[in-house]
Every structure is written in structure tokens, then in C-alpha cells.
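Asks: One structure is given below, represented as C-alpha cells, and several questions about it will come after.
The values are calculated or read from the model by the stated rules, or taken from the named source; none is laboratory data. Treat the numbers as computed from the prediction; the structure is a model and nothing was measured. FYI the Cβ positions are ideal-geometry reconstructions off the backbone, even for glycines, and counts take in every protein chain you see.
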């Protein structure tokens, strides 16, 4: 069916009326975009890792509801690398619905995906998430603790900074570096 629609639109692109040509051109663009979305959806569902990652990056550039829907689809992939990439890309789209979905993922994720979730939630600027992110400041994985420090520093207020300062002596250099970066951003903020 889509092929027949594209054939009709192609004929209308050479219509004698400028209004018809303009309408056909817009319709053709929308039809091609819809086809692209379906191709990306198919890659995210059944492609190999490289195809899925390319589709995720393209979906982010695509933007809008279609791009976000593709990124949300990738969140259900069983491969942590795919979920982690989708979470990172969703940081550009911090709508309440996206933030809620990411927040709901926190309890079931680990490692890189958990770190990316914390980073994305922190980048959202939603201060009401600070108490939830604070819980990860003492996570057993140093990479997760470091991402929690960064995220928490973006959301906390004055007393919250004491919790970041408390991690300046963390055994992990990754966490200590995150503390240093957070403290540097705090001192750069206008007070």
C-alpha cells in the first residue's frame, strides 16, 4: 500500500498546480519519514548490536515523538549496552513521562545502565529526584557512586553538598574525581 501511495505522490509532484506540488512534496516527506521510523523500529527489535546502536543514535537525531518512541522501545532490549545507549540519548528529552519511566527502571538496573540512568535523571534538573538519587551515593559499585555524585550535585541544595563532601575520601579514584568535578561546578554557580 505504501508503494502505491508513494507512486501517486510522485505523479502529483509534477502536477501543473503549484499548490498540488507543494502538498504532494510535504506528504512525500511525511511518508518517507514514517517509513524510516518503521525501518528503525525493526532494527531496534531484531538487528544486531551495531544496527541497534545506529538506530538509537538516528532516533535521537530524529527527535520528536517518533524518535522518543524509538528510544523508549530500546529501553526494553535485553542487552545492557543497548539500554544504556537509549538512556543516554533520552537525556535530551526530559519530559515528565520519560523521566517517570527512567525513574521506574532504577531498581532493576545495574552497572553502566544504572549509572546512565542516574546521570540522565540528574541532567533533568528535577530537584524532586534528589532524595532518590541520594540513595545511590553509597552504592557498592564505584562507577555507580561516581555517577550518583554527579547527578546528586546537579539536584541538591546546600545541605546536600555535605553528602557530596563526605565522599571526598572515597576509596575509588573515580568517585573522588566525580566529587572534585561536582565541587568545581558548585563553586562556579552564582550564589
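Asks: Criterion first (part of a helix (DSSP H, G or I), under 11 Å from the mean Cα position of the chain (by Cα) and either without any contact (Cβ under 8 Å) to a residue 12 or more places away in the chain or surrounded by 21 or more Cβ atoms within 10 Å (Cβ to Cβ) (or both)) does residue 97 satisfy it?
Replies: no
Asks: Please work out if residue 132 is outside the structural domain of residue 165 (by TED's automatic domain parsing) and either part of a helix (DSSP H, G or I) or crowded, with 18+ Cβ neighbours inside 10 Å (or both).
Replies: No: the conditions fail for residue 132.
Asks: Give me a count of the residues in region 143-168 that are more than 22 Å from the chain's Cα centre (by Cα) and in a helix (DSSP H, G or I).
Replies: The number of residues fulfilling the criteria is 9.
Asks: Would you mind stating whether residue 140 is over 19 Å from the mean Cα position of the chain (by Cα) and not in a helix (DSSP H, G or I)?
Replies: It is true that residue 140 is over 19 Å from the mean Cα position of the chain (by Cα) and not in a helix (DSSP H, G or I).
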